[in-house]
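Beneath this line is the structure, given in structure tokens, with notes to follow.
The values are calculated or read from the model by the stated rules, or taken from the named source; none is laboratory data. These numbers come from a predicted model, not from an experiment. Using ideal geometry, Cβ is built from the backbone for each residue, glycine included, and neighbour counts are taken over all protein chains shown. Just the protein is used for accessible areas: all its heavy atoms, side chains included, with ligands, DNA and RNA removed. Shrake-Rupley method; radii C 1.70, N 1.55, O 1.52, S 1.80 Å.
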Amino acid sequence: MKMNLNIKEKLTLSVGLLVCMIVGLVALSTISLQILTATEPDSPTAEYGLNRSLLLIAIFGLVCIMIGVWLLFKLPGSISKPFKELSGSINEIANHNYDVSLLLTGSTEMESLSANFNRMAKRLRDYHNSSVSALMTSKKYLETIINSIDEPIICLDNDLSLLFINNEALSILNIDRTDAMNRSAQEIALRNDLMRRLINGADSDGGKEKKDEPLKIYADNKESYFQVKYLPVRLSNDNGVQTERKGIVVMLKNITEFHKMDVAKTTFISTISHELKTPVSAILMSSQLLTDKRVGKLNDEQQELSDSIKENGERLLSIIGELLNITQVESGKLLLNPIITRPIELIEYAIKANHVQAEKFGINIEIDYPSQKISRLFVDSEKIAWVLTNLLSNAIRYSNEGSRVIIGAKQPDSRHIALYVQDFGKGIDPRYHESIFERYFRVPGTKIQGSGLGLSISRDFVKAHGGTLSINSAPGKGSCFTVTLPI
Ligand code: ADP
């Protein structure tokens, strides 16, 4: 027969049993002692009584010891076993194993404990299943939205494992979904050139649009152009503070149509500029002839008009030149004809090209050239001379009348030559230091006429030589533009 006792009852019963046995033992010993003292100690009855008492005490004591030992081994185990089972099951729940069930027997309180525990586990399991299915639904929802976007999107974690990829991305990568999802982007990149190009950019911290060349992709026998954007994924903690980068989203924007339009625009500008160059040169030639004494002497007013035609014609010709340079850069047809050139030759060319303008504004051009030997350059001298001429022209135009401009060269190290143009004019606010190198950008409020193309072309020309064009300028202090070229 199995008794269902609770812990309290078990303890009470055990302690009670022990107390009863001790009391019984003591009573037995006392009774035996009294019997012994009541009779003649040396009589045979007394000896028989003594032996019988000792035997009874020994048997009773042995039984007590056995019960005590049995309780010692059994009682702690029977109390701690259910707690061990409970702790194990709690651990399982903590490890998200909600299928665990507890079966404690032996006491009513243990049975009720396991019934309550199992009910709690079931509730947790139901809750977990419902939240997992809610999560799966929202995941599917998001995947459907992302798949319906007709621009390719790829999400990678920090180890470049694919977290998701939409159908459009699979299509341009020419891989299928099961193939993609079982492999990391790096594995795919081993046999997929496009993926290799995409993950190269994902190594950087991203966050900003890459202004590099658009990505050219050949698919379905046609050329497509994509602009790649890398967006780092940063999760926010409970305080709204963004944690470290968890991954990166690569977004591609199809700009094929814009690219076609851009090519058409470049071709248009190139054709128009070529067509305009001849008549404008003819106008300049005619205005030059007009000032020739053999044609007849001009009165002051006519001379003024002729000067104006010449000045504006030259400006027009320089803008046409700039447009032609732009079309060369944009169409990728920028051809360099490098020759060995001394830096001073480039400086002298720029000064010669600008001396009339400098005189007109009363600007004093100073040359800063090192007295010790300076390395020669291997550059397309026409292009770099054009850059220096443009920088010097800017320095003169944006300076106050009567001020000075320095044009110079130095060798910062054994592998580079720096050519620079410094003025002490109005200077440029630091927030425009990058924008001034963009096409058609002019600092707001600039009154002096210009096209906003010179610096942009200059940077392209210098970059084509593997060099850099940098600015150091502060409002009211003047500007210094430096062209650094490799030797
Ligand atoms: P443009 O001079 O024909 O407008 P640029 O590309 O050469 O075109 O220059 C872009 C803009 O940068 C100019 O409109 C002007 O506002 C500013 N800028 C260029 N050089 C200087 C300079 N030396 N000092 C002050 N501002 C300058």
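Within 15 Å, Cβ to Cβ, of SER89, how many net charges do the neighbouring residues add up to if Lys/Arg are +1 and Asp/Glu are -1?
On the way: positive: LYS81, LYS84, ARG119, LYS122, ARG123, ARG125; negative: GLU85, GLU92, ASP99, GLU111.
For residues surrounding SER89, the net value is +2.
Just the accessible area per residue of the chain, please: how many Å² with a 1.4 Å probe?
Numbers: 30970 Å² over 487 residues.
Heavy-atom SASA per residue in the chain reads 64 Å².
So between GLU111 and LYS463, what do we pick up on full extension, going 0.36 nm a residue minus the alpha carbon distance?
Working: separation 352, 0.36 × 352 = 126.72 nm, distance 8.19 nm.
That works out to 118.5 nm of additional length.
Quick check: net charge around TRP386, other residues with Cβ under 10 Å of its Cβ, Lys/Arg +1 and Asp/Glu -1? Mind showing how you got there, number by number?
Values: positive: LYS383; negative: GLU322, ASP380, GLU382.
Combined, the nearby Lys, Arg, Asp and Glu give -2.
Starting from 0.36 nm per residue, how many nanometres of slack lie between ASP413 and ASP368 once their C-alpha separation is accounted for?
Details: separation 45, 0.36 × 45 = 16.20 nm, distance 1.73 nm.
The span from ASP413 to ASP368 would gain 14.5 nm if fully extended.
What number, rounded to the nearest 500 deg cm²/dmol, is the helix-based mean residue ellipticity at 222 nm of the chain, given -39500 (n - 2.57) per DSSP H run of at least four residues and division by all its residues? Don't skip to the end; give the middle numbers.
On the way: 12 runs with 266 residues, N = 487.
That calculation yields -19000 deg cm²/dmol at 222 nm.
Going through region 252-303, which trypsin sites (Lys or Arg not before Pro) have at most 14 other Cβ atoms within 10 Å and a DSSP loop state?
Values: sites: LYS253, LYS260, LYS265, LYS277, LYS293, ARG294, LYS297; in loops: LYS297.
Loop-located and lightly packed - LYS297.
Below 8 Å, C-alpha to C-alpha, sequence gap of six or more: please give me the relative contact order for the chain in percent. Please report the intermediate quantities before stating the final value.
Values: 615 pairs, mean separation 35.8, N = 487.
Answer for the chain is 7 percent.
In whole Å, what is the distance between the alpha-carbon centres of region 364-418 and region 429-487?
Region 364-418 and region 429-487 have Cα centres spaced 14 Å from each other.
Can you check what the net charge comes to around SER286, using other residues whose Cβ is under 11 Å from the Cβ of SER286 (Lys, Arg +1; Asp, Glu -1)?
On the way: positive: LYS310; negative: ASP292.
It works out to a net charge of 0.
Once the Cβ-Cβ distance between ALA27 and VAL132 is put in as r, and R0 is 45 Å, what FRET efficiency do you end up with, to the nearest 0.05?
Working: r = 68 Å, r/R0 = 1.51.
Approximately 0.10, to the nearest 0.05.
State the Cα centre-to-centre distance between region 227-281 and region 92-122 in whole Å.
With region 227-281 and region 92-122 each reduced to a Cα centre, they are spaced 61 Å.
Say each of LEU163 and THR271 gets a label point 7 Å from the Cα, pointing the same way as Cα to Cβ; how far apart are those two points in nm?
4.9 nm
Where the accessible area of the chain is counted over protein heavy atoms with a 1.4 Å probe, how much of it, in %, is carbon and sulfur? If you can, show how the numbers build up before the last one.
On the way: 17970 of 30970 Å².
Carbon and sulfur atoms account for 58 percent of the accessible area of the chain.
What ³J(HN,Hα) values, in whole Hz, does the Karplus curve 6.51 cos²θ - 1.76 cosθ + 1.60 give for region 299-305 when θ = phi - 60°, with x put for Gly and Pro?
7, 4, 5, 5, 4, 4, 5
Provide the gained length on full extension for the span ASP150 to ILE340, in nm with one decimal, where the gain is 0.36 nm per separating residue minus the Cα-Cα distance.
Values: separation 190, 0.36 × 190 = 68.40 nm, distance 5.17 nm.
Computed gain between ASP150 and ILE340 is 63.2 nm.
Using a ≥ b ≥ c from the Cα gyration tensor of region 444-487 (square roots of the eigenvalues), is it rounded, prolate or oblate, where a/c under 1.5 gives rounded and otherwise the larger of a/b and b/c decides, a/b for prolate? Before the final figure, lay out each step's value.
Working: a/c = 4.10, a/b = 1.54, b/c = 2.65.
Oblate.
List the longest stretch of the chain that has no exposed loop site; here a site is one of the GluC sites (Glu not before Pro) assigned by DSSP to anything other than H, G, I, E or B, with at most 10 other Cβ within 10 Å.
Working: sites that count: GLU401, GLU434.
Longest site-free region, per DSSP loop and neighbour criteria: 1-400.
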